[in-house]
Each structure stands twice: as C-alpha cells, then as structure tokens.
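K.L.:
Following this message is one structure expressed as structure tokens.
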Amino acid sequence: MFEKHCPVCGMDVKKETAIKRFGKYFCSEEHAGRFTQQETERKAKEPRGGGCC
Ligand SMILES: [Zn+2]
C-alpha cells in the first residue's frame, strides 16, 4: 500500500500525483521545490568538509 506524506505540509500524498525528490514524496511541485530550496540552503550553511566537532 502506498502511504506517504509531504514533508513540507504533512498532507497525504497519492501515488498518482506524488512528486518524488530526494527519495521523498511531495504533494505538489511547489512543495518539492520548497524542500529542494531548504536542502540547498542547509547544505550551503554546513561547514566545508562537513567534519564533526
Ligand atoms: Zn505539501
């Protein structure tokens, strides 16, 4: 059974209409784009190399 939720708004996502990005399913192209933007910004903030400590 297909059961996914949009990580942006938490809405149920239907298989037929889901937008898949980063292995996640989104309710709409808009939310997929928003998540992509957040991911890009988050990665940009990470220190180069991404080391710990
Ligand atoms: Zn959504």
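The values are calculated or read from the model by the stated rules, or taken from the named source; none is laboratory data. As the structure is a prediction and not an experimental result, all values here were calculated from the model. Cβ: placed from backbone, ideal geometry, glycine included. Neighbour counts: every protein chain shown.
K.L.:
Taking the condition among the hydroxyl-bearing types (Ser, Thr, Tyr), modelled with pLDDT under 95 and away from the ligand (no atom under 15 Å from the Cβ), does residue 40 pass?
P.N.:
Spelling it out, residue 40 is indeed among the hydroxyl-bearing types (Ser, Thr, Tyr), modelled with pLDDT under 95 and away from the ligand (no atom under 15 Å from the Cβ).
K.L.:
So, residue 7, is that one in contact (Cβ under 8 Å) with a residue 12 or more places away in the chain and not in a helix (DSSP H, G or I) or not?
P.N.:
Values: in contact (Cβ under 8 Å) with a residue 12 or more places away in the chain: yes; not in a helix (DSSP H, G or I): yes.
Answer is yes for this residue.
K.L.:
Those residues that are crowded, with 17+ Cβ neighbours inside 10 Å and more than 11 Å from the ligand (Cβ to nearest atom), I need them from region 17-36; list them, please.
P.N.:
Passing the criteria: none in range.
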